[in-house]
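See structure below.
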Amino acid sequence: MAHSRHYLMCRPDHFAVEYAINPWMDPEAGADAATAVRQWEGLKDAYEELGHKVSLINPIDGLPDMVFAANGALVVGGRVYGARFANAERAAEGPAYLRWFTDNGFATAMEPTETNEGEGDFLTLDEVILAGTGFRTAITAHKQAQEFLGRPVVTLQLVDPRYYHLDTALFPIDGRNVAYYPGAFSAGSREVLRHMFPDAVLASAEDAAVLGLNAVSDGHNVVINVEAGELALELKRRGLNVIPVDLSELRKAGGGPKCCTLEIRV
Ligand code: ARG
């Protein structure tokens, strides 16, 4: 069942690829901010056409990855668990996002002591929060989030540097089921996923390589990179409404629709 969502986004006015903190980023090749803004507007329009509410945080000059709002925090039940970035290049984004929440009336906000990149590595389902580790978010943050949010957190081990955040390899289709690319996970975590989600959608290496797993579902409508053709077909076959978007410029920094989207769950 679809229901209306509230998302926080950040216009990529200062977007650029000027350092490399994941294998997608090539500072020599760079990226074009104007193209990124146009594509990002398409994503924002898609959410608004679906009836979702979009709030905006002001982009900050000198923080070219700030467009990737998913990394800014994890918000569950109105509680805001702040981000603490793994790389110095993005460190200033943590306090900037936390500040947006405190300025906007979220009283229960925690500045984390443990390294974590928000919804990039924490994906919230009805009964459980799935949490990635291996490249960015520390397991100690999984424990801290569980204590702060009072929800069970299940650790999943990421093993492929191209899929450095959990949200590049898995997305919740609804509150109970997920789609994922098995190759991004350790053998033990693949077993955990098989056990928890026997009916999951398994994505191919090709669909993962266009960041097809970096999708946003409201339970019925799935906003997904246009290049992920096979995955889109399977989602349709399961009765979901697929909304393709083109975020090819943002992919040059290793991001897709979900990376640009922080869900505010009250
Ligand atoms: N260039 C950014 C980084 O490497 C991309 C972040 C993508 N965000 C995400 N939620 N996967 O940190």
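None of the figures in this text is laboratory data; all of them are computed from the coordinates on show. Computed from a predicted structure; not experimentally measured. Don't worry about glycine lacking a Cβ; one is built from the backbone with ideal geometry, like all the others, and counts go over all protein chains shown.
Taking 7 Å steps out from each Cα toward its Cβ at GLU147 and ARG176 produces label points 3.3 nm apart. Across the alpha-carbon set of the chain, the Rg to Rh ratio works out to 0.92, Rh being the Kirkwood radius.
Past 23 Å, Cα to Cα, is the threshold; run LYS236/LYS258; LYS143/LYS252; LYS44/LYS143; LYS53/LYS143 against it and keep the listed order. As for pairs spanning more than 23 Å Cα to Cα, those are LYS143/LYS252; LYS44/LYS143; LYS53/LYS143. Between VAL154 and THR140, what is 0.36 nm times their sequence separation minus the Cα-Cα distance? Round to one decimal in nm. Full extension of this stretch gives 3.8 nm more. Magnitude of the charge dipole for the chain, about its Cα centre and with charges confined to Cβ atoms of Lys, Arg (+1) and Asp, Glu (-1), is about 660 debye.
Taking 0.36 nm per residue of sequence separation and subtracting the Cα-Cα distance, how much length would be gained by fully extending the chain between GLU111 and TYR19, in nm to one decimal?
Numbers: separation 92, 0.36 × 92 = 33.12 nm, distance 2.60 nm.
Using 0.36 nm per residue and subtracting the Cα-Cα distance, I get 30.5 nm.
Taking amide H positions as placed 1.01 Å from N in the peptide plane, with prolines and chain starts having none, which residues 5 or more places from MET9, or on another chain, fall under 5 Å of its amide H? Long-range HN contacts for MET9: SER55, LEU56, ILE57. Loop-located GluC sites (Glu not before Pro) in region 205-266 (DSSP state not H, G, I, E or B) with no more than 11 neighbouring Cβ atoms inside 10 Å do not occur.
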